[in-house]
Amino acid sequence: MHYQADVADVVYRYDGSMQGFLCCVFESFCRKELPAEICSPAEDRLTLYPDREILTDSQRAQRVLAGIERLGGSVKQRFTTAFLSTDPEKERILLRYLRTAFNTGRGVDQMLGDPDVAAAWQLERAVNGEAHHFIEFLRFEERGGMLGAVIHPKNMVLPLLRGHFCSRLPDESFLIYDASHGVAMMRRGDTVRYLEMTDYDPVSDPEELEWQSMWKRFFKALTIEQRRNERCQRTHCPRRFWQDMCEMTGGCLAVPERTVSTAKRSLPGNSSEGTDIRSSTLVTISQTPQ
Amino acid sequence: MDLAEKLEILADSAKYDVACTSSGVDRPGQHGKIGSCAAPGICHAFTPDGRCVSLLKVLYSNSCSYDCSYCVNRRSNDIRRATFIPRELAELTIGFYRRNYIEGLFLSSAVMGNPDLTMERMIEALRILREEYRFHGYIHAKAIPGADPLLVRRLGLLADRMSVNIELPSEVSLQRLAPDKKKAAVLAPMRQIADESRQSRREMQVYRGAKPFAPAGQSTQMIIGASPETDRHIIGLTEALYKKYSLKRVFYSAYLPVVEDSRLPALTTRPPLLREHRLYQADWLLRYYHFSASELLSEEEPNFNPYLDPKCCWALRNPACFPVEVNTASKEELLRVPGIGPKSAQRIIKARRMQHLGLAELKRIGVVLKRAQYFITCNGYLGAHGTRAEIANALLDPKAFGVGVQQLSLDDCMPKALPDAAPELHQLTAEGMDVLQAAALLRQEAVTCITRQM
């Protein structure tokens, strides 16, 4: 089936949610048009074209989602993973991808030679790649029997970390704080919750610092000086991950830099005292069974 | 001695072991236990020498009774010695694992007294970790050559991967440099592990309660550059090991001079990093590209070309196999094209069911057109026409001419030859030539040389 569409001089504005975006897809098919841009409220872009506010309607979103599901699991997977990206072009790329997908039918996920499919695939790869980096380089700290970690990802990778860490630490409570988006994922008991969070205090418990210094000593002992190759190190572990890795930041007892960067984001009224992460101001966004 | 110091000593002693991978077994977590495994393996940190830290790589003890001349832990070397207590080691592993520092434990040991005694203590440590601390993550254990087969069996039931180091690529070198180790003593446990692993895999398909024996297989490692073997000999040995003992990996470790000995290369010798890299490339060709060792090197050309990777070298020697038509070629044919790897070959095969592939499509798929374009046709059209010099230039491995700034101190910002650059480049710079000039000269010479061979 071929769905025709012309490029229209209009900008869609939606609420930034996946449902909202699916409604944009619905709108695009309904009106047989390709919008010049699709903007979420997070990116306040100025455009010369007239706006159209796309209202989120869960029934419409459900219809589009059912259509995507008919195209196969890997198409849906690519769409949902790529949607976690924070690329400013993501909406445009995904709309074009979904249009190609509905035109072609099943098997579209393998047409990597196609420019629209390849663009969506690149988004998916970037998100998955970053999530994998955090599976590798995330560092937990223990406090009061709970594990906590801070990450500074470009994309919204938390949902992709969930399965791995829930399976790996089946009986632990942990919290992963995404400092760039102000969201935390907390697992306690059998439930995983996504919370809004603004502040995270680095650990000061001497026992935890002891573990960190032991890890640093081990890391230092492993290095073979005659083979020193820092370029290779940076290729495998890019600099932007270093700020949250205890062995890469300064001396044994240095206070990590992240205290400064997160303090900027803290809202008025939030106390930054108290070392227990559980006592920080948390607003539940969603709660899902593990 | 406190635990941190002990850890430092035993990690320092273990660092020359290269096998730090956590791959080969997929095992989800379980309630009541701690840990899981992912088949591709997960690296958790990268040290300034660019090697990954995946496992807590330590020796159980570094007080060795042997006196192998190439080894830092040999009896006659004056270093600090330490030995773990099993519970200490278990707590350390769990503590690091929970903090996501490591993927599991890599346990090896110096020979304390005799191989059997050493193995028994390693087994005890692993048993405590698995049974009392309920550790469900990855364990790589090293079998000590010469130990009783029953002990090897017990170790294999606790570990995910096992390895026995063959250390040197030939029996003559082994005799000369490690007189306490015998070839037969190395190969016997290797044979046993291969057999038991195969048998347990069969049993697990049939019985419910069958226990996995080293489910991630076994690996080995050898030192490159301490003895006079050629690359051809080493790759031939590697292939035989893969076929005979169904190894998962063979690791190569460039020889680092740690001791003055008339039988060994001088202390000032640079570790042959580029050679090690070429051997790994060839190893990949054996495992993932369906190449055989005899295709890669011949008696007339027993060593790899430092300036070209082994696959490009093969392609230049066999012009009759090219060009390959990407829209119809089999996977095996595609894998032989420089610039197409296993992933892009797979993608090409899937994508061409849906559409015809041209150069633009191949680029999107992830093919390295810089090299591949001279070896493929798309719908009958050649990817690119190039003169011999152009092709040679495209195929040269930039790693061999690597120049960069490696800051060891703040005022150190002069470009230097990178550690894994060609030995000739290091030699020219040592003779006082400007490094950029030397790299350009060397590149020019390499192009001339390759053009002549084509």
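Looking at the protein assembly as shown, the DSSP beta bridges with both ends there are about 45 percent antiparallel. Approximating the spin labels as points 7 Å out from Cα along Cα→Cβ, the B:ARG176-to-B:ILE85 distance works out to 4.6 nm.
When DSSP beta bridges are restricted to pairs lying wholly in chain B, around 25% turn out antiparallel.
After finding the eigenvalues of the alpha carbon gyration tensor for the stretch B:82-235, what semi-axes result from the square roots of 5 times each, listed largest first in whole Å? Walk me through the numbers on the way to the answer.
Numbers: eigenvalues 155, 78, 46 Å².
Those come to 28, 20, 15 Å.
For a 32 Å ceiling on Cα separation, which of these pairs sit above it: A:LYS154/B:LYS331; A:LYS32/B:LYS331; B:LYS248/B:LYS331? Working shown, then result.
Values: A:LYS154/B:LYS331 36 Å; A:LYS32/B:LYS331 41 Å; B:LYS248/B:LYS331 22 Å.
Exceeds cut-off: A:LYS154/B:LYS331; A:LYS32/B:LYS331.
Bridgeable lysines around B:LYS244 (alpha carbons under 22 Å apart, same-chain partners fewer than 8 residues away excluded): B:LYS142, B:LYS181, B:LYS182, B:LYS183.
Just report the Cα centroid separation between the stretch B:377-399 and the stretch B:10-44, whole Å. Cα centres, the stretch B:377-399 to the stretch B:10-44: 41 Å. If you model the stretch B:310-395 as an ellipsoid using its alpha carbon gyration tensor, with each semi-axis the square root of five times an eigenvalue, the axes come out at 20, 13, 11 Å, biggest first. Ranked by the mean number of other Cβ atoms within 10 Å of their residues, highest first, the peptides A:132-145, A:225-238 come out as A:132-145, A:225-238. Cys residues of chain B that find no other Cys beta carbon under 4.7 Å: B:CYS20, B:CYS37, B:CYS64, B:CYS312, B:CYS313, B:CYS321, B:CYS378, B:CYS413, B:CYS449.
Taking a straight line from the alpha carbon of A:LYS220, these lysines sit under 20 Å away, with near neighbours fewer than eight places off in the same chain left out: B:LYS6, B:LYS15, B:LYS57.
Think of it as helices only: each DSSP H run of n ≥ 4 in chain A is worth -39500 (n - 2.57), and spread over all residues that comes to -12500 deg cm²/dmol at 222 nm. The protein assembly as shown has equivalent-ellipsoid semi-axes of 45, 37, 26 Å, by the square roots of 5 times the alpha carbon gyration tensor eigenvalues, sorted largest first. Here the average projected area of the convex hull drawn through the C-alpha atoms of the stretch B:398-453 stands at 4.0 nm². Once you treat every alpha carbon in the stretch B:273-316 as an equal point and sum by Debye, what is log10 I(q)/I(0) at q = 0.15, 0.25, 0.33, 0.34 Å⁻¹? Summing over Cα pairs of the stretch B:273-316 leads to -0.31, -0.90, -1.40, -1.43.
If the viscosity is 0.890 mPa s and the temperature 25 °C, what translational diffusion coefficient in µm²/s does Stokes-Einstein give for chain A when Rh comes from Kirkwood over Cα pairs?
Working: Rh = 21.4 Å.
Once the numbers are plugged in, D ends up at 115 µm²/s.
Each of B:TYR207, B:TYR101, B:TYR242 has some number of other Cβ atoms within 10 Å of its Cβ, and from fewest to most they run B:TYR207, B:TYR242, B:TYR101.
What ranking do B:211-217, B:260-266 get when scored by the average of other Cβ atoms within 10 Å per residue, highest first?
Details: B:211-217: 21.1, B:260-266: 12.0.
Per-residue mean Cβ counts within 10 Å order the peptides as B:211-217, B:260-266.
Note down the Stokes-Einstein diffusion coefficient of the stretch B:234-305 in µm²/s, whole number, using a Kirkwood radius over alpha carbon pairs, 10 °C, and 1.306 mPa s.
Values: Rh = 13.7 Å.
Answer from the Stokes-Einstein relation: 116 µm²/s.
Tell me, how many Å apart are the Cα centres for the stretch A:145-188 and for the stretch B:316-369? Each part's Cα centre sits 40 Å from the other's. Mean partner shielding of peptide A:210-219, defined as the number of other chain Cβ atoms within 10 Å of each residue Cβ, is 6.
Evaluated at q = 0.11, 0.17, 0.25, 0.28 Å⁻¹, a Debye calculation over the C-alpha positions of the stretch B:205-272 (equal weights, vacuum) places log10 I(q)/I(0) at -0.43, -0.74, -1.08, -1.19. Each residue of the stretch B:1-160 gets 116 Å³ once the volume of the Cα convex hull is shared out per residue. Per residue of peptide B:97-107, the mean number of Cβ atoms on other chains within 10 Å of the residue Cβ is 5. The mean number of Cβ atoms from other chains found within 10 Å of a Cβ in peptide B:47-60 is 6, as a whole number. Each peptide among B:218-224, B:299-305 gets the average number of other Cβ atoms lying within 10 Å of its residues, and from highest to lowest they stand as B:218-224, B:299-305. A straight Cα-to-Cα reach below 19 Å connects B:LYS363 with the aspartates and glutamates A:ASP109, A:ASP114, A:ASP116, A:GLU124, B:GLU325, B:GLU333, residues fewer than 8 places away in its own chain not being considered.
Treat the count of other C-beta atoms within 10 Å as a stand-in for reagent exposure and order A:ASP201, A:ASP9 from fewest to most. List each step's numbers first, then the result.
On the way: A:ASP201 18, A:ASP9 11.
If I rank by nearby Cβ atoms, fewest first, I get A:ASP9, A:ASP201.
What number, rounded to the nearest 500 deg cm²/dmol, is the helix-based mean residue ellipticity at 222 nm of chain B, given -39500 (n - 2.57) per DSSP H run of at least four residues and division by all its residues?
Numbers: 17 runs with 183 residues, N = 454.
Estimated from H runs of four or more residues: -12000 deg cm²/dmol.
Under Stokes-Einstein, with the Kirkwood radius over Cα pairs as Rh, the value for chain B at 37 °C and 0.692 mPa s is 135 µm²/s. By other beta-carbon atoms within 10 Å, ranking B:LEU155, B:LEU428, B:LEU92 with the fewest at the front produces B:LEU428, B:LEU92, B:LEU155. P(r) tail for the stretch A:1-144: Cα pairs beyond 21 Å make up 45% of the total. When the inverse distances between all different Cα atoms of the stretch A:59-155 are averaged and flipped, the Kirkwood radius reads 14.9 angstrom.
Every read-out reported here was derived from the displayed coordinates using simple, explicitly stated rules and does not represent laboratory data. For clarity, every value in this text was computed on a predicted model and none was experimentally measured. Note that we place each Cβ from the backbone using ideal geometry, even for glycine, and neighbour counts take in every protein chain shown.
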